[in-house]
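Notes for the one structure printed next.
What follows is calculated from the coordinates using simple rules that are stated; it is not laboratory data. All values derive from a computational prediction rather than experimental measurement. Here the Cβ is made from the backbone with ideal geometry for all residues, glycine too, and neighbour counts use every protein chain on show.
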Amino acid sequence: MKRIIIVAISSLAFTVCFGQKVQRIKITDLEKTIRESRTPMIVNFWATFCLPCIEEIPYFQEMAKKYEKDSIKLLLVSLDLKEDFTKIQPFAAKRKFNAPIAWLDESNADYFIPKVDSTWSGAIPATLFINNKTTYRKFFEQEFSREQLEKQILEVLGKN
């Protein structure tokens with residue numbers, strides 16, 4: 001019994017310290033979040049099976065922290081399959097992802113992909129930069145280096 005309690009407490013402590021709840025969202029929720037954002041926003045589409053995605057996420061987190069005084073928001077949207085939903089949180093915790101994470105609960109790519117951007121083929125990593133105050137909106141279907149990402153953030157902030 002003691003062992004079960006210790007394991008349960010350890011799991012809870014791990015989640016509190018390193019994890020976060022992965023929110024299930026539909027494309028309509030994401031569209032609303034984007035539409036109603038009052039601050040510049042970066043929406044990065046990734047998956048646990050996508051190595052280039054995983055490699056660039058630390059840059060996104062670093063830049064979001066660097067420019068937090070400019071009120072830039074980062075949202076990591078997982079495109080993992082439904083059967084892999086429960087793997088996302090431990091995966092993110094292990095890699096110390098600290099940005100908000102959402103899982104897009106959509107199975108019909110032909111439905112949700114054009115709602116994100118009409119030019120998107122569905123490949124990941126993919127990123128959407130939005131600033132509703134300036135009507136800035138740019139979509140990229142590529143992996144970002146730290147330098148490329150910072151350049152794009154300065155552009156979305158109007159500091160280029």
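If you place +1 on the Cβ of every Lys and Arg and -1 on the Cβ of every Asp and Glu, how big does the dipole about the Cα centre of the chain come out, in debye to the nearest 20? Don't skip to the end; give the middle numbers.
Details: 24 positive and 20 negative charges, 154 e Å.
I would put it at about 740 debye.
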* Taking 7 Å along the Cα-to-C-beta vector as the label spot, tell me the LYS82-GLU147 distance in nanometres, rounded to one decimal. => 4.4
* Asked: Summing +1 for each Lys or Arg and -1 for each Asp or Glu, what net charge is found among the other residues whose Cβ lies under 11 Å from the Cβ of ILE124?
  -> -4
* Please arrange GLU56, GLU143 by counting, for each residue, the other beta carbons lying within 10 Å of its beta carbon, fewest first. => GLU143, GLU56
* Asked: So who's got an amide H within less than 5 Å of the one on PHE45, skipping anything under 5 residues away but keeping other chains? H placed 1.01 Å off N, in plane.
  -> VAL77, ALA126, THR127, LEU128
* Asked: How big is the Kirkwood radius of the chain, worked out from every pair of different alpha carbons and given in Å to one decimal?
  -> 16.5
* Asked: Quick one: if the Förster radius is 41 Å, what FRET efficiency do LYS69 and ASP117 give, using the C-beta to C-beta distance and rounding to 0.05?
  -> 0.90
* Kindly write out, for the stretch 95-102 in residue order, the coupling ³J(HN,Hα) from the Karplus curve 6.51 cos²θ - 1.76 cosθ + 1.60 (θ = phi - 60°), rounded to whole Hz, with x marking Gly and Pro. => 9, 6, 5, 10, 7, x, 10, 10
* LYS26: which lysines have alpha carbons under 21 Å from its alpha carbon, excluding same-chain residues fewer than 8 sequence positions away? -> LYS73, LYS82, LYS87, LYS115
* Asked: Just for the stretch 15-160, what percent of DSSP beta bridges are antiparallel, to the closest 5?
  -> 45
